[in-house]
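Student: Supplied in structure tokens, the structure appears directly below.
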Amino acid sequence: MAAIKYEKQKESKMRVVTSNSRNFTSDRTSMAKNQLQPNTWVDAYADYLFNYAIARINDAEIAKDLVQETFLAGLKSAKNYKGDAAERTWLIAILKRKVIDHYRKTNSKKGKAEVKINYSAQTDAEGDWLEEQIADPFSNYEHSNLENEELGLAIQSCIGKLPQKQAQVFSMKTIQGISTEDICKELDINPSNLWVMIHRARTALMGCLNETWY
Amino acid sequence: MISCKKAALICNKSQYNEATFIEKLQLRFHLVVCKTCSKFSKKNKELTYLCDKAGLNSLSEGDKRKMKEKLQAGAE
């Protein structure tokens, strides 16, 4: 009797071990799932990267170019991607280098000369240029700016999690401020359809932002 | 009396200033009696505020299309 009990115990223990190892292998496969899918990049990450770039560059055109360069560079060095980091993290890392390179270029000798000419041309008209260079000690601007950037990236990554159509409608309506009629015309949907999508997107975003930002 | 579904629709519309005066009035009355909707409305307003505050930027569809084309060209 005792022997049977022991066997049963052993069996149940073994079952636990096998189920554990099964979990482990499924973990492994999900780890290895970090693969690059360049065809989805633009839809999934363009806005996120653009927000990241524009917070550092302050020029929409240049930011756009940098995002484009980032995608191309990512494509070029796709074989160096090991799958350790998520796709987005990897792309952000590339973009970071691009931003640094941009500033390095404008701060090179040639770039500096250009900037100086611009500046003196500006100050010729104004006269009192020293005051412009002094930081305002009471300014809260930098801090709030930083917080807003974090908020922006949080919202953007939440939008990225929405179904593509909802994300598209929401960003057209909320961020680009396009009128309801125009969106309906462009996407070929009727207004009640649009409001349903907006409603779903907003509810999902509330849930997504809930933990950190409310 | 309007339904909760309609109230949510008006609430969403008013986030984009697209609700008419009568709709807004209807929503007000509904919010007085319906706790769930007033909670939703509060959260919805907050979301609008957060989106405004974040100063979000996004690329237009045309820009994205161009990017896709360039990426395709780069892939080949």
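Student: Under a crude label model (7 Å from the Cα following the beta-carbon direction), how far is residue A:81 from residue A:35 in nanometres?
Tutor: Between residue A:81 and residue A:35, the label points sit 1.1 nm apart.
Student: What's the whole-number percent of alpha carbon pairs in the stretch B:4-75 lying beyond 20 angstrom?
Tutor: Numbers: 1254 of 2556 pairs.
When all Cα pairs of the stretch B:4-75 are counted, 49 percent exceed 20 Å.
Student: Note down the net charge around residue A:188, summing +1 for each Lys or Arg and -1 for each Asp or Glu among other residues with Cβ under 15 Å from its Cβ. Intermediate values should be presented prior to the final figure.
Tutor: Working: positive: A:165, A:185; negative: A:181, A:182, A:186, B:61.
Charge balance in the 15 Å sphere: -2.
Student: For peptide A:171-179, what's the mean number of Cβ atoms from other chains within 10 Å of each residue's Cβ? Spell out each step's value before the answer.
Tutor: Numbers: counts 6, 3, 4, 8, 7, 6, 1, 2, 2.
Averaged over the peptide's residues, the number is 4.
Student: Let's test the formula: R0 of 25 Å, r as the Cβ-Cβ distance of residue A:148 and residue A:62. What FRET efficiency results, to the nearest 0.05?
Tutor: Values: r = 20 Å, r/R0 = 0.80.
Computed FRET efficiency for residue A:148 and residue A:62: 0.80.
Student: Let me ask something else about it. Which whole number gives the average, over all residues in B:59-68, of C-beta atoms from other chains lying within 10 Å of the residue C-beta?
Tutor: Details: counts 14, 5, 7, 0, 7, 6, 1, 3, 9, 7.
Partner Cβ neighbours, averaged per residue: 6.
Student: Here is a further query. Just to verify a number: FRET efficiency for residue B:17 and residue A:192, C-beta to C-beta distance, R0 = 22 Å, to 0.05? If you can, show how the numbers build up before the last one.
Tutor: Details: r = 18 Å, r/R0 = 0.84.
Rounded to the nearest 0.05, the efficiency is 0.75.
Readers should treat all values here as calculations from the given coordinates under stated rules, not as data from a laboratory. Given the structure is predicted, the values throughout are model-derived calculations rather than measurements. So basically every Cβ, Gly included, is an ideal-geometry build from the backbone, and we count neighbours across all protein chains shown.
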